[in-house]
Amino acid sequence: MIKFSKIAIAAAIATAFSVSAQAAPISVTTPNGTVSGITSFDWAPSPVLAQGGNEAFARLANGINDGVLGTNLTTLGTPLAGNAFTVYSQGRLNLFQDGTGAATSGLWTGAGSTAGKYEVTFELAYTEIVGSASTFPTNQAFFDFAAVQTTNYFRIFVQDLDAGGAVASNYASGLGFSDGLKVFEGVVAPAASQVGVFSNFATGAGIFPLGDDGDDGNGVSPFAANPSVTGSGSTPIIDLLSVVPTTFDESFWNGELIEFLISNINQNLPFTSVDPSATFIGGTIVPNIGAVNGGTAFVPGTGFVAAGPDILFQTDPNGPVQVPEPGTLALAGLALGALSLARRRKA
């Protein structure tokens with residue numbers, strides 16, 4: 001029986017998925033050797049697609065509520081209910097926080113030659129609801145994790161970029177994030193909740209290009225010049241999502257794997273440090289953002305109409321890396337609603 005070292009990683013989604021909370025350092029075996037002393041996975045800023053999210057908002061603004069339940073409670077003590085959509089994200093690892101060993105220098109982070117490099121990438125999807133829609137003075141929505149998940153997974157891949165046929169991931173195209181060896185897969189689940197705490201997103205003033213990372217050398221997104229609303233949002237750290245492991249590659253992980261966490265997520269428009277992906281999930285999903293990304297218009301006699309069913313945005317980390325002691329983590333879990341640690345072992 002192989003035991004997996006304790007790890008709980010908070011990822012910022014959309015996220016540069018970078019804030020972490022864990023009980024003890026881990027080590028992993030990469031194509032270039034072992035990296036030890038890792039206290040978190042620091043993911044680079046990443047694009048997020050809310051497939052059907054813009055349309056779900058417009059329908060709710062028109063008073064059409066499908067009644068899909070969320071996991072948090074409103075101030076009245078009842079679950080938030082609204083319209084469902086699917087969140088997709090993909091990205092690459094930027095840093096093994098506190099990782100040591102020669103293999104750390106071999107991690108490819110999207111710049112320079114891929115010779116002698118390897119990369120670690122992720123794909124994420126889960127079902128969310130929009131349960132509150134305000135259109136004046138600015139469009140603002142409140143979101144929640146859907147109680148019933150129709151699409152849900154978190155996957156990690158590792159690829160030796162020196163291997164024959166290896167293709168590095170590319171944000172502009174959205175390809176190359178799932179063509180490595182899958183070393184982890186789990187389902188995303190709410191780990192804690194608190195009355196009245198939800199994700200939110202509000203648009204700002206003016207319409208600007210959707211934006212990109214400013215580097216044409218790594219590809220050009222077809223959406224970069226598209227008009228987009230401006231806006232920002234956040235998911236408070238108390239909205240914890242845990243990725244419960246279902247499968248893993250024991251040749252990569254060394255120790256007992258407990259869980260990953262996703263928390264403290266910021267969302268931003270326009271894009272500034274990464275390209276909006278042209279496709280997601282191996283090229284199988286193409287965003288449909290319409291004439292204005294995130295745009296809605298009021299049509300007399302019809303109501304609010306979404307420019308396109310989907311919306312693209314960039315995630316950005318918010319908060320320092322946190323590495324509490326096991327006892328501290330346990331107390332924090334109790335304070336956040338008895339955060340449970342799911343253990344999975346493989347013989």
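The values are calculated or read from the model by the stated rules, or taken from the named source; none is laboratory data. Quick caveat, the model's predicted, so the values are computed rather than measured. Every residue, glycine among them, receives a Cβ derived from its backbone with ideal geometry; neighbour counts consider all protein chains shown.
Remarks
- Each residue in segment 262-305 was checked for being more than 21 Å from Gly214 (Cα to Cα), surrounded by fewer than 24 Cβ atoms within 10 Å (Cβ to Cβ) and of a type in the set (Gly, Ala, Ser), and 8 pass.
- Members of segment 94-129 that are among the β-branched types (Val, Ile, Thr) and under 17 Å from the mean Cα position of the chain (by Cα): Val120, Thr121, Thr127, Ile129
- Subset of segment 52-71 [in contact with a Phe, Trp or Tyr (Cβ under 7 Å, 6 or more places away or on another chain) and either of a type in the set (D, E, K, R) or closer than 16 Å to Phe201 by Cβ (or both)]: Gly52, Gly53, Ala56, Ala58, Ala61, Gly70
- Residues of segment 135-142 include at least one that is within 21 Å of Ser46 (Cβ to Cβ) and in contact with a strand residue (DSSP E or B) (Cβ under 8 Å, 6 or more places away or on another chain).
- If the condition is being assigned to a loop (DSSP other than H, G, I, E, B), surrounded by fewer than 21 Cβ atoms within 10 Å (Cβ to Cβ), in contact with a strand residue (DSSP E or B) (Cβ under 7 Å, 6 or more places away or on another chain) and at pLDDT below 80, then segment 195-239 contributes Val195, Val197.
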